[in-house]
1. What are the residues in region 133-150 that are open to solvent by 30 Å² or more (accessible area, probe 1.4 Å) and over 17 Å from V59 (Cβ atoms), if any?
2. What pairs come out if I take residues in region 12-31 that are among the hydroxyl-bearing types (S, T, Y) and pair them with residues that are open to solvent by 60 Å² or more (accessible area, probe 1.4 Å) whose C-beta lies under 9 Å away, six or more apart or interchain?
3. Given D34, D44, D52, D24, which one is closer than 30 Å to Q123 by Cα and under 24 Å from the mean Cα position of the chain (by Cα)?
4. Looking at the structure I just gave you, is L36 hydrophobic (A, V, I, L, M, F, W, C) and open to solvent by less than 50 Å² (accessible area, probe 1.4 Å)?
5. Could you run through region 7-35 and say how many residues are in contact with a helix residue (DSSP H, G or I) (Cβ under 6 Å, 6 or more places away or on another chain) and either farther than 22 Å from L53 by Cβ or part of a loop (DSSP other than H, G, I, E, B) (or both)?
6. How many residues are in a helix (DSSP H, G or I) and either aliphatic (A, V, I, L, M) or open to solvent by 40 Å² or more (accessible area, probe 1.4 Å) (or both) when one looks only at region 89-103?
7. Can you name the number of the only condition in (1) under 28 Å from E147 (Cβ atoms); (2) assigned to a helix (DSSP H, G or I); (3) among the charged types (D, E, K, R) that D52 fails?
8. Is it fair to say D52 is under 30 Å from P14 (Cα atoms) and free of Cβ contacts under 8 Å to residues at least 12 places away in the same chain?
Amino acid sequence: MTNPMRPMPGLPTPPKGWPVGSYDTYAQAQRAVDYLSDNEFQVDNLTIVGVDLMQVEKVLGRLTWGKVVAGGIGSGAWLGLFFGALVSLVVGTSWTPILFGVIAGMVFGLISAAIPYAATRGQRDFTSTMQLVAGRYDVLCDPRTAEQARDMLAKLAL
């Protein structure tokens with residue numbers, strides 16, 4: 001039985017430390033840590049924390065049956081070509097496994113793309129990408145060296 005008062009290793013824990021800088025973008029926070037590193041500060045005492053997390057979905061375009069079919073056939077063909085080439089290496093220099101692999105891959109790709117798309121019944125007719133972003137990025141530091149880090153970062157802002 002585990003002790004509920006002791007955190008288990010590997011489980012997420014809140015970050016600890018004092019804030020020494022707050023930035024609008026991750027690149028700015030990364031620049032601050034890089035600046036401290038370049039100036040011989042012990043950076044293993046630092047943590048970059050994203051605050052006010054948001055999940056952002058960027059819509060890329062409309063999804064149609066034509067795009068689904070073409071994507072399935074294309075990805076299946078590549079997979080079939082790969083497996084066909086592997087079999088061809090084992091069997092010999094015959095083109096038959098490659099041709100069979102590409103055709104079987106195209107059929108498999110078509111089916112594996114069409115069934116999930118058909119199952120949505122038009123509920124999600126677009127493609128998109130997801131990204132996790134933060135409203136701001138804080139750089140936290142071990143309390144013993146936080147004042148030194150804060151002073152060094154004040155010079156960076158000048």
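The values are calculated or read from the model by the stated rules, or taken from the named source; none is laboratory data. Because the structure is a prediction, the values reported are computed rather than measured. We place every Cβ from the backbone using ideal geometry, glycine too, and count neighbours over all the protein chains shown. Side chains are part of the model used for accessible areas, which takes the heavy atoms of the whole protein and leaves out ligands, DNA and RNA. Shrake-Rupley method; radii C 1.70, N 1.55, O 1.52, S 1.80 Å.
1. Matches in region 133-150: G135, R136, Y137, D142, P143, R144, T145, E147, Q148, R150.
2. T13/P7; S22/R136; Y23/Q30; Y23/R31; Y23/R136; T25/R136
3. Working: D34 fails: closer than 30 Å to Q123 by Cα; D44 fails: closer than 30 Å to Q123 by Cα; D24 fails: closer than 30 Å to Q123 by Cα.
Checking each option against the conditions leaves just D52.
4. So L36 fits the description; yes.
5. Of the residues in that region, 1 qualify.
6. So the count comes out to 9.
7. (2)
8. In short, no.
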